[in-house]
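Presented below is the structure to which this report refers.
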Amino acid sequence: MAQQQQQQQQQRRKGSATRTWLVISESGKSHVEEVGKHSIMRRTGLPARDLRILDPVLFYPSTVLGRERAIVVNLEHIKAIITASEVLVLNSMDPSVIPFVRELECRVEGKEEEEEEEAMIGMKKNGSSGEMAVVAKGDGPKVLPFEFKALEVCLESACRRLENETSTLEQEAYPALDELTSKISTLNLQRVRHIKSRLVALYGRVQKVRDELENLLDDDMDMAEMYLTDKLAHQLEDNDLRNDVVDGDSKSDDESDDDLKSNKSSSGNVTGFKPNIEELEMLLEAYFAQIEGTMNKLSTMREYVDDTEDYINIMLDDKQNQLLQMGVLLSTANLFINAGIVVVGLFGMNIHIELFDASPTQFWETTGGTIVGCLIIYLIAIFFGKKGGLLG
């Protein structure tokens, strides 16, 4: 029994240390792997703090990090690690992630003929300048590298999800707000309150994605770190150059020190890798403009909600003023009714006067005179109240 319990504890520890990753290669093929955290760190060169961003248990804002050998993507429902040759996706069985995985597999499947045809059409339209996602280089167009294709799918999926949620919220919000302005009820107020809470949460999510893209566009060093394929090719060229320098030194021992220094300086210049970030900058700017449009829609909706709240507050204040005026009228009426009651009380005292011996006609005249007098005084009070602006 004790051994079985130890084995179960070891299996639990092992299960907690490993996670299920969907690995998508640059050929578009995918397979599932059970990989531990340390294996991922050795495989991608990422520190533990970067992997913590992808932890499903913890909540981190939208983040895109460029590292030496990988790109860490945490955008909405997408949690992935992009390298120069593969993409590792967490929570691949989540219903919201499945469409992203399918799109990613289709995008990186490698339809070179279609890409070249689209590139040629784009070059003809742009006057052979090769703008947008195709860059004219050498004899033919240059398509996006693997890591940028994967990053583009991540950005597209995140922006599409936020845009869809915004459209759904728009379809619910505007009719509910219009209905509230026409009829103020508890049900409509609760409905609008729920819509406003969703709007605030969605606005915050869109704001975080926008800020992340803006920070990337403002930092050229971060964008340069994302050129994984070019960095890998550059490292291979640098290693070949160093090997050539070492071989040349071993074969020619009589080579002068000046030549050796020049070779070292040339190899050192190769090490300083500075890619042209225009390609990635255009990609990020396209999705920055898209997320900016989504944010403008939410800002317009937020202003509409604020205007509706102001209108509702004005209507409620008007109702409150009407109730206060009603209270003033009733209080004034009560005052003069009490004045009539005082007159009745005076006549009800046990004092003998000649009026008590008079005919019933005089009694009704006295009663009517008291009532009419109180009514006249009441109307005079209302007139002076409206003239003074106390009553509307």
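In table form, for the structure just shown:
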| quantity | calculated |
| --- | --- |
| Matching residues, the range 30-78, being farther than 21 Å from D94 by Cα, of a type in the set (D, E, K, R) and in contact with a strand residue (DSSP E or B) (Cβ under 7 Å, 6 or more places away or on another chain) | D50 |
| Options L46, L51, L22; residue that is under 22 Å from I98 (Cβ atoms) and of a type outside the set (D, E, K, R) | L22 |
| Failed criterion for K251 (all others in (1) exposed (fewer than 11 other Cβ atoms within 10 Å of the Cβ); (2) at pLDDT 80 or above hold) | (2) |
| Elements of type strands (runs of 3 or more DSSP E) contained in the range 30-115, each with 3 or more residues being more than 23 Å from E225 (Cα to Cα) | 30-36 |
| In the range 45-68, the residues that are touching a Leu at 6+ places or on another chain (Cβ under 7 Å) and open to solvent by 10 Å² or more (accessible area, probe 1.4 Å) | R52, P56, S62, R67 |
| Number of positions in the range 173-214 that are within 30 Å of V73 (Cβ to Cβ) and charged (D, E, K, R) | 7 |
| For N263: the one exception among (1) at pLDDT 55 or above; (2) surrounded by 15 or more Cβ atoms within 10 Å (Cβ to Cβ) | (1) |
| Residue selected from the range 296-315 under the condition open to solvent by less than 80 Å² (accessible area, probe 1.4 Å) and of a type in the set (V, I, T), by the criterion nearest to R210 (Cα to Cα) | T300 |
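The values are calculated or read from the model by the stated rules, or taken from the named source; none is laboratory data. Not measured: the values here are computed from a predicted model. FYI the Cβ positions are ideal-geometry reconstructions off the backbone, even for glycines, and counts take in every protein chain you see. Keep in mind that these areas ignore ligands, DNA and RNA; they rest on the heavy atoms of the full protein, side chains included. Shrake-Rupley method; radii C 1.70, N 1.55, O 1.52, S 1.80 Å.
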